[in-house]
Amino acid sequence: MTRTDVSASWLSRIPALASLTADIGQTLATHARAVTLPAGARVYGPGKAPEAYLLVIEGTVRVQQVSETGREIVLYRVTSGESCTLTTACLLGHDTYSAEALTETPVRAVAIPRTTFDDLVARSPQFRSFVFSAFSDRITNLFRLVEQVAFGRLDARLARKLVDLADPAGIVSATQQQLAAEIGTAREVISRVLGEFSRRGWLSAGRGRITLVDRAALAACAREG
């Protein structure tokens, strides 16, 4: 991970922070640091305490939970203009991480040191509103994820994920293991459900690549769950 000095110009990339007062903007320009990470880098892992509040400027970070048996579930992704909810929770609660974060693409981000973060949350209503609004939105989405995992039909969850991941041509570039991690199940289950979708004529599956043949049917299945 590379860190360098950063000017306040990055604030224009995050509309919610563009209206910060001059003194708060100067504080960020003085103390924040630019961070660059390659694809596939580990941002943090379980048991580590956060040192800074991270804002992603470009790229995507995947936050996932891994069980003792090695099963994975993707909790959420952090993209341009967003912060990591788990980092916020650990900073506010002086706690350590219980999940891990990995970069899916090259990432440019801004790291705001813990002391600066605490100071700005205390004295800037705009910064505080940004932090807690982002935190609230993500927590709401996490509750939806818990509800889907606990009560949703697995075929509906997979159909929804396939529709979400497909590019405009209807191509999903993902292995069965990756899809299993996306919805928190076993690869064998994904294989069985994909086989059923294929028999219905909704998709065709190859090695690491799935083509949606009937996107509308998959979308309808997703709504049923």
Checklist entry - In the range 83-106, which residues are within 13 Å of the chain's Cα centre (by Cα) and either outside any loop (DSSP other than H, G, I, E, B) or crowded, with 20+ Cβ neighbours inside 10 Å (or both)? => result 83, 84, 85, 86, 87, 100, 101, 102, 103
Checklist entry - For residues in the range 174-212 being touching a residue at least 12 places away in the same chain (Cβ under 8 Å) and among the small types (Gly, Ala, Ser), which is nearest to residue 141 (Cα to Cα)? => result 184
Checklist outcome for this item: Going through the range 64-82 in order, the residues found to be closer than 11 Å to residue 181 by Cα and either in contact (Cβ under 8 Å) with a residue 40 or more places away in the chain or outside any loop (DSSP other than H, G, I, E, B) (or both) are 64, 65, 66, 71, 72, 73, 74, 75
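Residue 162 - would you say it is in the same structural domain as residue 92 (by TED's automatic domain parsing), out of contact with any Gly (no Cβ under 7 Å at 6 or more places or on another chain) and either among the polar types (S, T, N, Q) or assigned to a helix (DSSP H, G or I) (or both)?
Criteria not met by residue 162.
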Checklist entry - Can you list the helices (runs of 4 or more DSSP H) found entirely within the range 166-225 that contain at least 3 residues being of a type in the set (Val, Ile, Thr) and surrounded by 15 or more Cβ atoms within 10 Å (Cβ to Cβ)? => result 187-199
Item to check | Checking residue 128 against (1) in contact with a Ser or Thr (Cβ under 8 Å, 6 or more places away or on another chain); (2) more than 28 Å from residue 180 (Cα to Cα); (3) of a type in the set (D, E, K, R), the condition it does not meet | outcome: (1)
Item to check | Pair list, Cβ under 7 Å, 6 or more apart: the range 86-108 residue outside the structural domain of residue 51 (by TED's automatic domain parsing) and within 14 Å of residue 52 (Cα to Cα), other residue modelled with pLDDT under 95 and in a strand (DSSP E or B) | outcome: none
Item to check | Hits in the range 52-73 (condition: crowded, with 17+ Cβ neighbours inside 10 Å, within 12 Å of the chain's Cα centre (by Cα) and either among the hydroxyl-bearing types (Ser, Thr, Tyr) or farther than 21 Å from residue 32 by Cβ (or both)) | outcome: 60, 62, 63, 64, 73
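Please state which one of 117, 135, 130 is at pLDDT 95 or above and either under 18 Å from residue 22 (Cα atoms) or part of a helix (DSSP H, G or I) (or both).
117
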Next on the checklist: Residue under question is residue 156, and the condition is that it be under 19 Å from residue 87 (Cα atoms), surrounded by 16 or more Cβ atoms within 10 Å (Cβ to Cβ) and touching an Asp or Glu at 6+ places or on another chain (Cβ under 8 Å); does it hold?
Outcome noted: no
Item to check | Failed item, numbered, when residue 24 is tested on (1) assigned to a loop (DSSP other than H, G, I, E, B); (2) over 20 Å from the mean Cα position of the chain (by Cα) | outcome: (1)
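The values are calculated or read from the model by the stated rules, or taken from the named source; none is laboratory data. Remember, it's a predicted structure, so these values are computed and weren't measured experimentally. Cβ: placed from backbone, ideal geometry, glycine included. Neighbour counts: every protein chain shown.
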